[in-house]
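Have a look at the structure below, then the notes.
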Amino acid sequence: MEMVGKKGIWLALLCMVAIAATPGAEALTCAQVTGAVRPCIPYLTSNVALPPTCCGGIKSLLSQAKTTPDRQTACNCLKTAARAFPINLAKAAALPGQCGVNIPYKISPSTDCTKIS
């Protein structure tokens, strides 16, 4: 029951992050980032194996973040989650490599998302 509450807090915080997006209907949102990484939560918070759905979400997120503002939005959402939720930061940082993708930043509370292009 406690894990469900933590998941809810994490998801709520992600959704509440205020990110300035470029005008247009196609801008990436924190809700999309949340949906993409939701399958990763058990892996990042406990000792379970990496679920294939997690990597599917990471790959989907990467394909959605095509512009600099979208990549910065994704970075800020992930950064906020890493700060707000008790995830294993080493696992989070290694996640893209484990899923066979390359993202232009480290998933960490210390990442400067403004430097992402």
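Grab the Cα-Cα distance for Ser60 and Arg38, subtract it from 0.36 nm times how many residues apart they are, and report the gain in nm with one decimal.
Values: separation 22, 0.36 × 22 = 7.92 nm, distance 1.21 nm.
Net length gain for the segment: 6.7 nm.
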Ser110-Ala31 pseudo-label distance in nm [points 7 Å out on the Cα-to-Cβ vector]: 3.5 nm
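Would you tally the net charge around Cys113, using a Cβ to Cβ cut-off of less than 10 Å, leaving Cys113 out, and scoring K and R as +1, D and E as -1? Intermediate results must be reported in sequence, preceding the final value.
Details: positive: Arg71, Lys79, Lys115; negative: Asp112.
After counting each charged neighbour, the total is +2.
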From phi via Karplus (6.51, -1.76, 1.60), per-residue ³J(HN,Hα) for the stretch 93-99 in Hz, x at Gly/Pro: 5, 7, 4, x, x, 5, 8
Prolate/oblate/rounded call for the stretch 54-100, Cα gyration tensor, a/c under 1.5 rounded: oblate
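Each value in this text was obtained by applying a stated rule to the coordinates, not by laboratory testing. Being a predicted model, the structure only gives us computed values, none of them experimental. Virtual Cβ from ideal backbone geometry, glycine too; neighbours counted across all protein chains shown.
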